[in-house]
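Worksheet for the structure shown next.
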Amino acid sequence: MTYDGDMTQFELSREHEEFRRTVRDFAEATIRPHVAEWDKAHHFPTDVVQKMGELGLFGLTAPEEYGGAGLEAADGPFTSLCLAIEELGRVDQSLGVTLEAGVGLGINPILTYGSDEQKKTWLPDLVAGQRLAGFGLTEPGAGSDAGATKTRAELDGGAWVINGGKQFITNSGSDITSLVTVTARTGVAESGRPEISAIIVPAGTPGFVAEPAYDKLGWHISDTHPLSFTDCRVPEDHLVGERGRGYAQFLAILDDGRVAIAALAVGLIQACVDLCVEYSLDRHTMGGPIGRKQGVAFQVADLEVMLHASRMLTYRAAAMKDAMDGGRGPSMKEFKQAASVAKLYASESAVTATRIATQVFGGYGFMEEYPVARFYRDAKILEIGEGTSEVQRMLIARGLGLPVE
Ligand SMILES: Cc1cc2nc3c(=O)[nH]c(=O)nc-3n(C[C@H](O)[C@H](O)[C@H](O)COP(=O)(O)OP(=O)(O)OC[C@H]3O[C@@H](n4cnc5c(N)ncnc54)[C@H](O)[C@@H]3O)c2cc1C
C-alpha cells in the first residue's frame, strides 16, 4: 500500500507480498509445531527469537551501518515490519509482540534519539536480533498517566543514580536482554512540572533487578517483568536524547507502536478466520457441516469483514509512516490520528473475533488443545498495551478538536 496525500493505493507491492510469504513460511515451520507446548510451559524460546534476528526481522527499519536492512522509505520498511508482526502474530501473538517491542520499544528510542556512541555500542546486537532491549515507562502509579513517573535519577560524580520501580516491562529480563531504557524524574522543569528523561540501564548493572516474570493471562511466551532500581549507577552519557525530553520522546515512539499493535491484531483476526473456515467445514451437526448453518456462517462472515477493515486501517497508517519518513507528508497530526484509529479498531475487533472463534468451536474452543483458546487469552492485552482503548478514544476525540480531558 502507498500513501500519497489524497490518494491511497490499496495494494501491497510484490516485494511486500514476497516478504510476507517468507515470514509466514518461517512462522509455520519454526513456531507452529511448538507453540502450544511453549505456551503451556511459559517458555521464552531464545533460539527462535535469535533465528527471527537471522531472518533480518529486527533490522527492517535500521540503516545498514548498524547491520539493518538499509531500506529506503520508498521501499516501505515500516510496512515490512508490520507485515512481519502480523505474520508472526497469526501463528503466535507472543513472538509477534517480542518483535514489536524489540524494535518499537528497544531499538527505536536509541535509533531515533541516541548519540552516535550509543548507537554504535548498543544497536548492532539489537538490530541483529541476538540481544533484546526493553523500555520502562509504566510504573505502579503511572500507566495511562505516564507523566506521573516517580522513579528518580540524580547526577552524582558523573553518574546517574536511579531509584524506583517499573512494571509490566516487555523483553526486560530474558537471557538475551542487553538493556532497558527507563524514564525517570531528573529534576523540575521551568513550568514547575517534573522533568522526565530517558536513560539506558545495561542488564547486570548493580542495583538493577528484573524481578521474577509475571504470571499472565496470555502472551505466555513473551518475557515481562517488574523492574527495581536501588542506587543503580550508570554513566552520565547513558542519557538518551535531551535531558527533560524523555516523556515527549516516548509519546512519539508510541505512535509507531500503536500501528504495530494493530498489525498484531490483524494477524490474530486472520488466524480466527482461517481456523473458523476450516472447522466450519469439518465439524458436522444435524446432518451437515456447521458452515452450512447461517448462524455459524454469518459469524465467520463477520470475522472476514473485521479482518479487511482492520487490515486496511493498519496498512494505511503504516504507509503514512513510511511516507512521512520519506518526507512526503502526511502531517504528524494526521499520522497520530490514523495510528490511534487503527489500534483502537483492530484491537477491539481482535477481542470480538476471538470470542466469535471460540463460539464457533463450541466446547472444543474452551480446550487448550485448540489454538482458539490461546488466542482468546492473548487478545485482551491488545486493548490495553501501548495505550488502552479509552486512551485511544481520548486521543481521537482530541484530534477532532474536542476538549476532552
Ligand atoms: C503484558 C504487558 C506488557 C507491557 N509492556 C510494557 C512495556 O514494555 N513498557 C511499558 O512501559 N509498559 C508496558 N506495559 C504497560 C501498559 O502500557 C499499561 O498497562 C497501559 O498503558 C495501562 O496502564 P495501567 O495498567 O497503569 O492502567 P491505568 O492507567 O491505571 O488504567 C486503568 C483503567 O482506567 C482507564 N483510564 C485511565 N486513565 C483514563 C482517562 N484519562 N480517561 C479514560 N479512561 C482512563 C484505562 O483505560 C483503564 O481501563 C505492558 C502491560 C502489559 C499488561
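A short reminder: the numbers here are calculations on the coordinates, not readings from a lab. Keep in mind the model is a prediction, meaning the values are calculated, not measured. Cβ atoms come from the backbone with ideal geometry, glycine included; neighbour counts cover every protein chain shown.
Per-structure values
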quantity: Whole-number percent relative contact order across the chain, with pairs defined as alpha carbons under 8 Å at least 6 apart; calculated: 17 percent
quantity: Span from the segment 277-325 Cα centroid across to the segment 134-156 one, whole angstrom; calculated: 39 Å
quantity: Per-residue Cβ neighbour rank within 10 angstrom, fewest leading, V182, V161, V97; calculated: V161, V97, V182
quantity: Sorted by Cβ density within 10 Å, fewest first, the residues V240, V209, V391; calculated: V209, V391, V240
quantity: Fewest-first sequence of V259, V103 by Cβ atoms within 10 Å of each Cβ; calculated: V103, V259
quantity: Listed peptides 335-344, 188-197 by packing density, highest first (mean Cβ within 10 Å); calculated: 335-344, 188-197
quantity: Projected label distance in nm at R32 and E278, using a 7 Å step from Cα toward the beta-carbon; calculated: 0.6 nm
quantity: For segment 217-230, 3J(HN,Hα) per residue [Karplus equation, 6.51 cos²θ - 1.76 cosθ + 1.60, θ = phi - 60°, Hz, x = Gly/Pro]; calculated: 4, x, 6, 5, 8, 8, 9, 9, 9, x, 10, 10, 10, 10
quantity: Under the Debye formula (equal points on every Cα, no solvent term), log10 I(q)/I(0) of segment 318-405 at q = 0.13 Å⁻¹; calculated: -0.57
quantity: Qualifying lysines (Cα of each under 17 Å from Cα of K380; at least 8 residues distant if same chain); calculated: K216, K343
quantity: Average silhouette area of segment 12-106, convex hull of alpha-carbon atoms, in square nanometres; calculated: 5.9 nm²
quantity: Calculated [θ] (222 nm, deg cm²/dmol) that DSSP helices of n ≥ 4 give over the chain, each run adding -39,500 (n - 2.57); calculated: -15500 deg cm²/dmol
quantity: Estimated D of segment 236-328 in µm² per second, where Rh is the Kirkwood radius over Cα pairs and Stokes-Einstein applies at 20 °C, 1.002 mPa s; calculated: 130 µm²/s
quantity: Rounded, prolate or oblate (a/c below 1.5 giving rounded, otherwise prolate when a/b exceeds b/c) for segment 39-196 by Cα gyration tensor; calculated: prolate
quantity: Calculated FRET value between D156 and A301, using beta carbons and R₀ = 60 Å, to 0.05; calculated: 0.45
quantity: Paramagnetic reach from E390 in segment 319-345 [backbone N under 18 Å; point 7 Å along Cα→Cβ]; calculated: 344-345
quantity: Relative contact order of segment 280-348, pairs being alpha-carbon contacts under 8 Å that are 6 or more residues apart, as %; calculated: 24 percent
quantity: Sparsely packed trypsin sites (Lys or Arg not before Pro) within segment 167-267, loop by DSSP, other Cβ within 10 Å at most 10; calculated: none
quantity: Contact order normalised by residue count of segment 134-244, Cα under 8 Å, 6+ apart, percent; calculated: 30 percent
quantity: Computed lengthening from K293 to H308, 0.36 nm per intervening residue step minus Cα-Cα distance; calculated: 3.1 nm
quantity: log₁₀ of I(q)/I(0) at q = 0.07, 0.09, 0.12 Å⁻¹ - the chain, Debye sum with one point per alpha carbon; calculated: -0.32, -0.53, -0.93
quantity: Extension gain (nm, one decimal) between L217 and R193, 0.36 nm per residue minus Cα-Cα; calculated: 5.0 nm
quantity: Average projected area [Cα convex hull, segment 255-405], square nanometres; calculated: 9.9 nm²
quantity: All Cα pairs of segment 134-244, percent lying beyond 22 Å; calculated: 28 percent
quantity: Degrees, to the nearest 10: 246-282 long Cα axis against longest axis of the chain; calculated: 20 degrees
